[in-house]
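One structure is given below, encoded as C-alpha cells.
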Amino acid sequence: MPVPNQPNIADRNFARAAAVGGLSEVELGNIAEHGAQDSTVREFGQRMVSDHSKANNQLKELAAAASIPLPNTPDAEHQRTREQLQKVHGSAFDRAYIRGQVSDHQQTAQLFEYEIGSGQDPQLKGFASEVLPIALQHLEMAQNIDAHLTGAAEPETAIPASAVPATNTPNPR
C-alpha cells in the first residue's frame, strides 16, 4: 500500500521523463538560438532555454527532496533528434525544429496532466500544476510559429492536450 505524501511510481516516472524532456528542450533551444534562420524561431529557442532551465532547476530540487534520482543527459531518442536537427539548415531547420516543438509540447502537456491526476507526491503534483500552463503556452507559441513558417493562418488557440492521443511512454521535451 502506498504511503501518503510519498512519491509513487507515477511520480518517479514523471520526474525522470520531465527531466529528460527538459534537458532536451534546453539543448535544442540552444541549437535553435544559434542556428535558426527565422528570428521568431531564434527567440522561441531562447525562451525554451530560459523557461526549461528554470523548470529543470525546480525539478532537481523536488526530486532530490523526494530521493528520486534524475538523469543528467537526454536519452537516446532525444540525442537522435538533436543529431537530425544538426544536419539541416536554414528554413528546413526552422520548420523541423518547430514541428518537433509542437509534438514535444503536446506530449509534455499529457505527461504533466497525468502527474496531476495520478501522482501522489504533493510537491511534484504542485510542480506539474505550475508548469502545465507554461507548457501549453509553449505549445501555442510553437503552433503559431509553425503557421507563420508555412504561411498558414495562425491557430486561434492551442490544441488541448486532451485532444492529443495518449502514448504508452510519455516523452516530454
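Can you tell me the dipole magnitude for the range 9-163 around its Cα centre, using point charges on the Cβ only (Lys, Arg +1; Asp, Glu -1), in Debye to the nearest 20? Please list the in-between numbers first.
On the way: 12 positive and 21 negative charges, 71 e Å.
Result for the range 9-163 is approximately 340 debye, rounded to the nearest 20.
Return the sequence-ordered ³J(HN,Hα) values of the range 96-106 in whole Hz as given by the Karplus equation 6.51 cos²θ - 1.76 cosθ + 1.60 applied to θ = phi - 60°, using x for Gly and Pro.
Computed from phi, the couplings for the range 96-106 are 5, 4, 5, 4, x, 5, 4, 4, 4, 6, 5 Hz.
I need the Debye-formula profile for the range 1-132: one equal scatterer per C-alpha, no solvent, reported as log10 I(q)/I(0) at q = 0.13, 0.17, 0.18 1/Å, two decimals.
Debye curve over Cα of the range 1-132, log10 I(q)/I(0) at q = 0.13, 0.17, 0.18 Å⁻¹: -0.55, -0.85, -0.93.
³J(HN,Hα) across the range 13-30 via Karplus (A = 6.51, B = -1.76, C = 1.60, θ = phi - 60°), whole Hz, x for Gly/Pro?
Per residue, the Karplus-derived 3J(HN,Hα) values read 5, 4, 4, 5, 5, 5, 5, 4, x, x, 4, 5, 4, 5, 4, 5, x, 4 Hz.
Give the cross-link partners of Lys125 among the aspartates and glutamates, using a straight C-alpha distance below 18 Å as the criterion and excluding same-chain residues fewer than 8 apart.
Partners within reach: Asp11, Glu61, Glu113, Glu115.
For the range 114-122, just list the computed ³J(HN,Hα) in residue order, Karplus coefficients 6.51, -1.76 and 1.60, θ = phi - 60°, integers in Hz, with x standing in for Gly and Pro.
Each residue of the range 114-122 in turn: 4, 4, 4, x, 10, x, 10, 6, x Hz.
With just the Cα atoms defining each centre, how far is the range 87-147 from the range 3-34? Give it in Å.
11 Å
Using label points projected 7 Å from each Cα along Cα→Cβ, tell me how many nm separate Ser91 and Ile9, to one decimal.
Simple spin-label model gives 4.9 nm for this pair.
Only the coordinates and a few stated rules stand behind these numbers; no lab work does. Because the structure is predicted, anything quoted here is derived from the model rather than measured. Quick reminder, even Gly has a Cβ in these numbers, built from the backbone with ideal geometry, and neighbours come from all protein chains shown.
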